[in-house]
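Working notes, beginning with the structure itself.
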Amino acid sequence: MSQENRSARGRRGRGRGGRDERLASSKVVVKSAPYIKRKIPFFEVLDEEGLQLIENNADTILEEIGIEFRDMPEALDILKQGGAEIDGVRVRFPRGLCRSIIQASAPAEYTQHARNAERSVQIGGKNTVFVPAYGSPFVYDIEKGRRYATLEDFQNFVKLAYASPSMHHSGGTICEPVDVPVNKRHLDMVYSHMKYSDKAFMGSVTAPERALDTVEMIKILAGDNYIDASTGRPRTYATSLINANSPMTFDDTMLGAAKVYAENNQATIITPFILAGAMSPVTVAGTAAQSLAEALAGMTFVQLVNPGAPVIFGSFASSMSMQSGAPTFGTPEPALVLYTMAALARRLGVPFRSGGSLCGSKLPDAQAAYEAAATLTPAVMAGVNFVLHTAGWLEGGLAMGYEKFIMDTDQAAMMETLLAGVDLSENGQAMDAIREVGPGVHFLGCDHTQRNFKTAFYRSPITDNNSYEQWQSEGSLDHAQRCNARYKKLLAEYEAPPLDPAIDEALLAYIEQRKTSMPDSMV
């Protein structure tokens, strides 16, 4: 056996029982920085000439082809007053108009306030915010399998996000609670974020009136803090997802919700949702140009509604199987789109959303792990500010996985360490350790190691690095089984953050009043 293997075996022996003791007995403590402040450079794939080419092509799309704004005459009026040319529902923008409107008023960074001020997040610049996955109608765990999501599942994932230090945000529609009527479930979802977490959250966008319900509930939650006395404008408590209906179309549902949020100074993420090959060209450059054009049009609309309202440049571009039509994840081409779009957002001067831990796998298996890592890593290296779908995504977004959520939060925590960069302090240089130890002697007992060993390396709560014999004696658990135990532990130990009883009562009264005013509907 080599010296390296003997040393590794010895380290495993000295660490015997550590992982399972953490898994079984240590209490989970929610304590972390509210968001990540990046300390490493951005990774770029295009030079200045390449980025200018994409921008020029996007301007050509906006000027010559145009974007359709459907079923909302008011949106057409707003865009016409802003200088766009209207032809039916087709809107064409003179070259450079969108960029000039956005750069004149959209903030480069903004604060999304949480009900616990210590958990407010700064979105934009060199900041990274990890956010759970969004929109799945199904949930999955290794014991019960795949099933329709319920309100209890939704609340469970809000609790898991709250209890996971690497999740800086509570998210939005983490899963669809299908046991609640469609026209009423948004009230329960928004309330769950407010009740079971004190992190920032996303609002409802499935109808303008549901967006307005979100705003009214925020007013109750924030109370006197809702209006910023220094500006006279509402503080931003919600960041909500507005998808383009690609290719090159916005519908009245998304536009109506965007208008409500913009009017109330709440943030919107304008995101072309693209499966390349079906909703955009099959090439990276073509997809990037179309995505930029769609995002510019949507952000322009928001700024015309309310100049200065926070807006995020979003990009979701996946590849697809040209044989079956199924979406594919973790492939190289979407990563290239992501890198390109992140650079374009920085040039525009607005925050950027993309990425996540995406996969096509139906199970929390090796495919899920490597596809998720192949999506999350480019998001981190590119400098994505708002990383939606960071945790839980399975089956191309159709399912929210309990075990997958734990897998992904572990990866996100590792990314935080990566983004912290290299410690060049006196302690980080470790010259005292090198002087003390000298040639031919190990560093395990030196003063520097003794001072730093508890925090020297990232320590995963779910991976197994012990000997084969120890792993076997402890039940031969695979990674999914360990994640299953971890999520159950988090839920068993969950304690709700305090919420003023008067605020809670007012929120419940509002929900009751709204629910009684509308019949159940599944649309």
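Numerical summary
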item: Total residues in segment 299-321, condition at pLDDT below 95, open to solvent by less than 20 Å² (accessible area, probe 1.4 Å) and outside any strand (DSSP E or B); result: 0
item: Residue match in segment 364-374 (condition: assigned to a loop (DSSP other than H, G, I, E, B), touching a residue at least 24 places away in the same chain (Cβ under 8 Å) and more than 25 Å from residue 240 (Cα to Cα)); result: yes
item: Matching residues in segment 244-280 - criterion: being of a type outside the set (A, V, I, L, M), part of a strand (DSSP E or B) and either in contact (Cβ under 8 Å) with a residue 60 or more places away in the chain or surrounded by fewer than 20 Cβ atoms within 10 Å (Cβ to Cβ) (or both); result: 249, 250, 271, 273
item: So residue 463, is it open to solvent by less than 30 Å² (accessible area, probe 1.4 Å), hydroxyl-bearing (Ser, Thr, Tyr), assigned to a loop (DSSP other than H, G, I, E, B) and within 30 Å of residue 327 (Cβ to Cβ); result: no
item: Boolean, residue 422 is within 29 Å of residue 361 (Cβ to Cβ) and among the β-branched types (Val, Ile, Thr); result: no
item: Residue check, residue 391 open to solvent by less than 40 Å² (accessible area, probe 1.4 Å), under 23 Å from residue 165 (Cα atoms) and assigned to a helix (DSSP H, G or I); result: no
item: Evaluation of residue 353 against (1) within 19 Å of residue 392 (Cα to Cα); (2) open to solvent by less than 30 Å² (accessible area, probe 1.4 Å); (3) in contact with a helix residue (DSSP H, G or I) (Cβ under 8 Å, 6 or more places away or on another chain); (4) not acidic (Asp, Glu) (one fails), failing number; result: (3)
item: Segment 267-284, residues that are of a type outside the set (A, V, I, L, M, F, W, C) and either under 21 Å from the mean Cα position of the chain (by Cα) or at pLDDT 95 or above (or both); result: 268, 271, 272, 280, 281, 283
item: Residue match in segment 285-298 (condition: more than 19 Å from the chain's Cα centre (by Cα) and in a loop (DSSP other than H, G, I, E, B)); result: no
item: Boolean, residue 449 is of a type in the set (Ser, Thr, Tyr) and in a helix (DSSP H, G or I); result: yes
item: Within segment 163-183, considering residues that are among the β-branched types (Val, Ile, Thr) and not in a helix (DSSP H, G or I), the one farthest from residue 359 (Cα to Cα); result: 180
item: Residue in segment 121-141 that is of a type in the set (A, V, I, L, M, F, W, C), open to solvent by 10 Å² or more (accessible area, probe 1.4 Å) and touching a Cys at 6+ places or on another chain (Cβ under 8 Å) present; result: yes
item: Selected residue [among the hydrophobic types (A, V, I, L, M, F, W, C) and farther than 30 Å from residue 342 by Cα] from 422, 441; result: 441
item: Boolean, residue 130 is under 30 Å from residue 365 (Cβ atoms) and aromatic (Phe, Trp, Tyr); result: yes
item: Which listed residue, of 381, 400, is buried (at least 24 other Cβ atoms within 10 Å of the Cβ) and of a type outside the set (Val, Ile, Thr); result: 400
item: Considering residues of segment 287-329 that are free of Cβ contacts under 8 Å to residues at least 40 places away in the same chain and either in contact with a strand residue (DSSP E or B) (Cβ under 7 Å, 6 or more places away or on another chain) or of a type in the set (A, V, I, L, M, F, W, C) (or both) only, the residue nearest to residue 101 (Cα to Cα); result: 328
item: Residue list for segment 411-437, restricted to those being open to solvent by 10 Å² or more (accessible area, probe 1.4 Å) and either under 17 Å from the mean Cα position of the chain (by Cα) or closer than 20 Å to residue 318 by Cβ (or both); result: 411, 413, 414, 415, 416
item: Residues of segment 184-203 that turn out to be buried (at least 24 other Cβ atoms within 10 Å of the Cβ) and in a loop (DSSP other than H, G, I, E, B), as a count; result: 5
item: Filter result (out of contact with any Gly (no Cβ under 9 Å at 6 or more places or on another chain) and either open to solvent by 30 Å² or more (accessible area, probe 1.4 Å) or hydroxyl-bearing (Ser, Thr, Tyr) (or both)) within segment 322-338; result: 323, 324, 331, 332, 333, 336
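The rows are residues; the columns are (1) surrounded by fewer than 13 Cβ atoms within 10 Å (Cβ to Cβ); (2) more than 39 Å from the chain's Cα centre (by Cα); (3) more than 30 Å from residue 152 (Cβ to Cβ).
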site: 439; (1), (2), (3): yes, yes, yes
site: 450; (1), (2), (3): yes, no, yes
site: 457; (1), (2), (3): yes, no, yes
site: 467; (1), (2), (3): no, no, yes
site: 475; (1), (2), (3): yes, no, no
site: 484; (1), (2), (3): no, no, no
site: 487; (1), (2), (3): no, no, no
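The values are calculated or read from the model by the stated rules, or taken from the named source; none is laboratory data. None of these values were measured; they are calculated from a predicted model. Methodologically, a virtual Cβ is constructed for each residue, glycine included, from the backbone with ideal geometry; neighbour enumeration extends over all protein chains shown. Just the protein is used for accessible areas: all its heavy atoms, side chains included, with ligands, DNA and RNA removed. Shrake-Rupley method; radii C 1.70, N 1.55, O 1.52, S 1.80 Å.
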